[in-house]
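The values are calculated or read from the model by the stated rules, or taken from the named source; none is laboratory data. Given the structure is predicted, the values throughout are model-derived calculations rather than measurements. Don't worry about glycine lacking a Cβ; one is built from the backbone with ideal geometry, like all the others, and counts go over all protein chains shown. Surface areas here come from the heavy atoms of the whole protein model, side chains and all, with no ligands, DNA or RNA. Shrake-Rupley method; radii C 1.70, N 1.55, O 1.52, S 1.80 Å.
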Amino acid sequence: MSRAQLLERITDQSNRANPYPLYEELRETPAALQDNGSYLVGRYYHVAALLHDPRISSDLHNRRAGMPGADRADNGGPAFIRLDPPEHDRLRRLTTRQFGPPHMPGRVDSMRGELADLVTTLVDNLEGKDRIDLVDDFAYPFPVSVICRLLGVPREEEPRFHVWADALVASIEPTRDSDSDAKMKAAQQAQMEMGMFMAGLIEERRKNPGDDMLSGLAADHHEGGLDTLELVTNSIMLFIAGHETTVNLITNGMLTLLRNPGELDRLKRHPELMPLAVEELLRFEPPVHLVPQRTPIVDIEVGGVTVPKGSPIVLALASANRDPKRFTDPDRFVPDRADNQHLGLGSGIHSCFGAPLARLEGQMALNELIRRLPNPRLVEDPPPYRPNPVLRGPRHLMVDCG
């Protein structure tokens, strides 16, 4: 079958449970031109280089007219994930001031106790059940509660955020299908409703600030601070990015451990290995498979293939993470793998903003689950997967605990 249909096949729902043979096929070429005009890149060293290349833009305004995604250039407002330097750097720098060093060095570490309480409470609620859905009963509510508390979103509003997040995430796809227009309309409606809610919440935080991140962002006038539109757009982006990837990290993590009972038992006996195991899980089954929003601003060469200016480039992180030219025995899960410079949380100026929090959530969640779930077994393998090919993970993960 032609490599020009690789992206279409990778994003096809029928291949969601196991796209890895397709990534193996992708790595046979440096950059595969697709029928829709995109270039698909899946080798580790090429993907890593492009993530750091200043000639590669994240701004869809740089796409040639008629190319995939060009019609979405004005959707979403000024979230820094969609911008290039210097504006990207300013927005990310201002947002980071409320999240980590040097301005707020203890933000993530100070949440350890709260994270432990949330994990314990959620696992307590699983006790006595013969069968659980790890997604609905644990992997979704945990990171959503964390990001809502971090930002300062009232707990009673969490269900509304679930609906909005689902609509927004459904629109992040590198290919168009018969439902694409409906998905974009639903995403625009969710963006508007969520934006109005966040604008109201930000105004409330300006009047009555707390110790949450939104209060800090609203009150910070460093470099002129963020205006209301920038605050709203970037807080929505932080909410989506802050929980969707962690849901997949926890769910894919448990699925991998249940498929490797010997390694699960080893981690149960040696919980101190979990930080290394989470890094391997980020390599082996990453929460983000594809980065579809990249465009060269000049003609560039990828392994001898010329990618014309303005053409979409889709970076296959999950393929790069299984590249045998970078990782020994890449299709095997090795919890204490050495030299594990994976791309599971991206790299370069757009590397995952919340990586320290995601890692901590993954470590605490998986340690507690394997410590306390009695004799867990998969009910269905493979489980049903969410339709999104970018943020890939099971929609449900049914586990017997009897």
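Among the residues making up segment 330-346, those that are on the phi < 0 side of the Ramachandran plot, open to solvent by less than 70 Å² (accessible area, probe 1.4 Å) and in contact (Cβ under 8 Å) with a residue 60 or more places away in the chain are PHE333, PRO335, ASP336, ARG337, ASN340, HIS342, LEU343, GLY344, LEU345.
In segment 85-100, the residues that are in a loop (DSSP other than H, G, I, E, B) reach residues that are of a type in the set (S, T, N, Q) with C-beta atoms within less than 9 angstrom, at least six apart or across chains, in these pairs: GLN98/SER215. Looking at segment 193-203, can you tell me whether even one residue there is within 20 Å of the chain's Cα centre (by Cα), surrounded by 14 or more Cβ atoms within 10 Å (Cβ to Cβ) and within 28 Å of SER311 (Cα to Cα)? Checked segment 193-203: no residue is within 20 Å of the chain's Cα centre (by Cα), surrounded by 14 or more Cβ atoms within 10 Å (Cβ to Cβ) and within 28 Å of SER311 (Cα to Cα). The single condition among (1) open to solvent by less than 70 Å² (accessible area, probe 1.4 Å); (2) in contact (Cβ under 8 Å) with a residue 12 or more places away in the chain; (3) not in a helix (DSSP H, G or I) that LEU115 does not meet is (3). Restricting ALA218, ALA170, ALA190, ALA186 to residues that are open to solvent by less than 40 Å² (accessible area, probe 1.4 Å), in contact with a helix residue (DSSP H, G or I) (Cβ under 7 Å, 6 or more places away or on another chain) and over 27 Å from ARG90 (Cβ atoms) narrows the list to ALA170. Considering only segment 329-355, state which residues are touching a Pro at 6+ places or on another chain (Cβ under 6 Å) and assigned to a loop (DSSP other than H, G, I, E, B). Within segment 329-355, just PRO330 meets the criteria. Residues in segment 374-396 that are of a type in the set (S, T, N, Q) and open to solvent by 30 Å² or more (accessible area, probe 1.4 Å): ASN375 alone. Could you go through segment 308-321 and let me know if any residue there is outside any helix (DSSP H, G or I), farther than 27 Å from LEU366 by Cβ, open to solvent by 10 Å² or more (accessible area, probe 1.4 Å) and touching a Ser or Thr at 6+ places or on another chain (Cβ under 9 Å). Yes, there is a match, as at least one residue in segment 308-321 is outside any helix (DSSP H, G or I), farther than 27 Å from LEU366 by Cβ, open to solvent by 10 Å² or more (accessible area, probe 1.4 Å) and touching a Ser or Thr at 6+ places or on another chain (Cβ under 9 Å). For segment 275-290, the tally of residues that are surrounded by fewer than 22 Cβ atoms within 10 Å (Cβ to Cβ) and aliphatic (A, V, I, L, M) stands at 1. Is it the case that VAL144 is open to solvent by less than 20 Å² (accessible area, probe 1.4 Å), outside any helix (DSSP H, G or I) and within 22 Å of VAL108 (Cβ to Cβ)? No: the conditions fail for VAL144. Kindly indicate the residue of segment 24-42 that is buried (at least 20 other Cβ atoms within 10 Å of the Cβ) and in contact with a Ser or Thr (Cβ under 8 Å, 6 or more places away or on another chain) and also nearest to PHE284 (Cα to Cα) among those meeting that condition. Per the criteria, the residue is GLY42. Does TYR45 satisfy the criteria of being farther than 26 Å from TYR385 by Cα and either under 22 Å from the mean Cα position of the chain (by Cα) or open to solvent by 50 Å² or more (accessible area, probe 1.4 Å) (or both)? It is true that TYR45 is farther than 26 Å from TYR385 by Cα and either under 22 Å from the mean Cα position of the chain (by Cα) or open to solvent by 50 Å² or more (accessible area, probe 1.4 Å) (or both).
Restricting attention to segment 58-74 and to residues that are touching a Leu at 6+ places or on another chain (Cβ under 7 Å) and in a loop (DSSP other than H, G, I, E, B), the residue that is modelled with the lowest pLDDT turns out to be ALA73. Scanning segment 121-135 for residues that are assigned to a helix (DSSP H, G or I) and either surrounded by 13 or more Cβ atoms within 10 Å (Cβ to Cβ) or under 17 Å from the mean Cα position of the chain (by Cα) (or both) turns up LEU122, VAL123, LEU134, VAL135.
Would a scan of segment 205-214 turn up a residue that is buried (at least 18 other Cβ atoms within 10 Å of the Cβ) and under 29 Å from VAL291 (Cβ atoms)? Within segment 205-214, one or more residues are buried (at least 18 other Cβ atoms within 10 Å of the Cβ) and under 29 Å from VAL291 (Cβ atoms).
For segment 237-254, filtering for residues that are surrounded by fewer than 22 Cβ atoms within 10 Å (Cβ to Cβ) and farther than 26 Å from ARG92 by Cβ leaves 0. Considering the conditions (1) at pLDDT below 95; (2) within 23 Å of ARG112 (Cβ to Cβ), MET274 is excluded by exactly one of them, (1). Scanning segment 1-51 for residues that are acidic (Asp, Glu) and part of a loop (DSSP other than H, G, I, E, B) yields ASP12, GLU28, ASP35.
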